[in-house]
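The values are calculated or read from the model by the stated rules, or taken from the named source; none is laboratory data. What you see is a predicted model; the values in this text were computed from it and never measured. Reconstructed Cβ throughout: ideal geometry from the backbone, glycine too, with neighbour counts over all protein chains shown.
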């Protein structure tokens, strides 16, 4: 599941990576003249970079191909799913609000947490007022689901 915004962002990133891929291939063709010691080190470096770009293209392409876009107005539910806005109370009175998103569009700075993160995994499928415990570097933290939109 991807949000419409996340799908658009990944589509744009895929296009940029494909352009970079073409540019790297052109550069490799231009510098791939072996010297007396074998292949030029620049060509080797460019090939390694191309391999990384190809891997990213494959991952994003697969995600876009297999994902569904969350469309329309979210249905009011008391169960956490990808696309849910979840407000939680942390071991006491402090509250935070997150949107649960696909791991490819997570952005903690915008409170978008991955469904694959420890907190995201703990919240998926839970209902309003459920409590979940998550292992964190500081120890176990208990979260209570206060609202789901």
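Check residue 112 against each of (1) modelled with pLDDT of 85 or more; (2) assigned by TED's automatic domain parsing to the domain that holds residue 29 and name the one condition it does not meet.
Tallying (1) modelled with pLDDT of 85 or more; (2) assigned by TED's automatic domain parsing to the domain that holds residue 29, residue 112 fails exactly one: (2).
Here is a list of conditions, (1) closer than 14 Å to residue 149 by Cα; (2) under 19 Å from the mean Cα position of the chain (by Cα); (3) modelled with pLDDT of 85 or more, and residue 61 meets all of them except one; can you say which number that is?
Going through the list (1) closer than 14 Å to residue 149 by Cα; (2) under 19 Å from the mean Cα position of the chain (by Cα); (3) modelled with pLDDT of 85 or more, residue 61 breaks only (1).
Which fully enclosed strands (runs of 3 or more DSSP E) of segment 39-149 have 3 or more residues being in contact with a helix residue (DSSP H, G or I) (Cβ under 7 Å, 6 or more places away or on another chain) and more than 16 Å from residue 2 (Cβ to Cβ)?
Qualifying strands (runs of 3 or more DSSP E): 131-136.
Quick check on residue 47: is it surrounded by 13 or more Cβ atoms within 10 Å (Cβ to Cβ), under 21 Å from the mean Cα position of the chain (by Cα) and at pLDDT 85 or above?
Criteria not met by residue 47.
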